[in-house]
1. Under 26 Å from residue 87 (Cα atoms) and at pLDDT 90 or above: does that describe residue 141?
2. Let me spell it out: the conditions are (1) within 20 Å of residue 101 (Cα to Cα); (2) assigned to a loop (DSSP other than H, G, I, E, B); (3) touching a helix residue (DSSP H, G or I) at 6+ places or on another chain (Cβ under 6 Å), and residue 233 meets all of them except one. Which number is the exception?
3. Residue check: is residue 159 surrounded by 17 or more Cβ atoms within 10 Å (Cβ to Cβ), more than 30 Å from residue 61 (Cβ to Cβ) and either in the same structural domain as residue 107 (by TED's automatic domain parsing) or modelled with pLDDT of 95 or more (or both)?
4. Out of the residues in region 87-137 that are surrounded by 15 or more Cβ atoms within 10 Å (Cβ to Cβ) and assigned to a loop (DSSP other than H, G, I, E, B), state the one that is modelled with the lowest pLDDT.
5. Considering only residues that are touching a residue at least 40 places away in the same chain (Cβ under 8 Å) and within 18 Å of residue 159 (Cβ to Cβ), look in region 115-128 and name the one that is farthest from the chain's Cα centre (by Cα).
């Protein structure tokens, strides 16, 4: 079974491998290993929660690839963290609420990386799945450590590890959204305007957006003026609503 994914220059084939009820998606067979090798960040959250997730702690101890253990969410906004271009965050579903809230409030949109959730119940709503952000992998509570470790190795090597139920929900959701987005307006936006619109949707102030993109606040205001004109909205709230409704 093959899908097509959009690359920088063309559509490239993606091969899918099925392991039981889990589908692994291999991304871009023409990619070189150095282009997609990633670092896992195991979020134990011992400082915020007052205890370490025993699942995350155990996985961080047995995982043999490049990884780091993070005991406090505040570490994620330190400068050393910003230097890693390919970030995958592994966390326990029991901590999902605090983690997703922190990322939305504190971490710029373009630096949120990809997410892997372990210890998840089998039946999650589509809205819940979308709330995780860029979901790279999901493991149910029934998954054994050996299976999770094998899945994490695949993920680090550029693949996705998602249950077929989850994959079906996400495909249905994005198919519906892409059938209804305002393509003409979205295609008129520059890459910089899309970055700013994403940061705006994430709740960033003009100054916060300027800082994350290394531009001045007046430049952000100028971009917002152009964005409002292109997508035919009058204010910040309408722009955020437009972004959410059009998958920007």
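1. Numbers: under 26 Å from residue 87 (Cα atoms): yes; at pLDDT 90 or above: yes.
Yes; evaluated as a whole, the condition is true for this residue.
2. Single failed check for residue 233: (1).
3. Working: surrounded by 17 or more Cβ atoms within 10 Å (Cβ to Cβ): yes; more than 30 Å from residue 61 (Cβ to Cβ): no; either in the same structural domain as residue 107 (by TED's automatic domain parsing) or modelled with pLDDT of 95 or more (or both): yes.
For residue 159, the condition - surrounded by 17 or more Cβ atoms within 10 Å (Cβ to Cβ), more than 30 Å from residue 61 (Cβ to Cβ) and either in the same structural domain as residue 107 (by TED's automatic domain parsing) or modelled with pLDDT of 95 or more (or both) - is not met.
4. Ranking the candidates gives 108 first.
5. If we take residues in region 115-128 being touching a residue at least 40 places away in the same chain (Cβ under 8 Å) and within 18 Å of residue 159 (Cβ to Cβ), then 118 is farthest from the chain's Cα centre (by Cα).
The values are calculated or read from the model by the stated rules, or taken from the named source; none is laboratory data. Bear in mind that the values here come from a model prediction, so they are computed numbers and not experimental data. Every residue, glycine among them, receives a Cβ derived from its backbone with ideal geometry; neighbour counts consider all protein chains shown.
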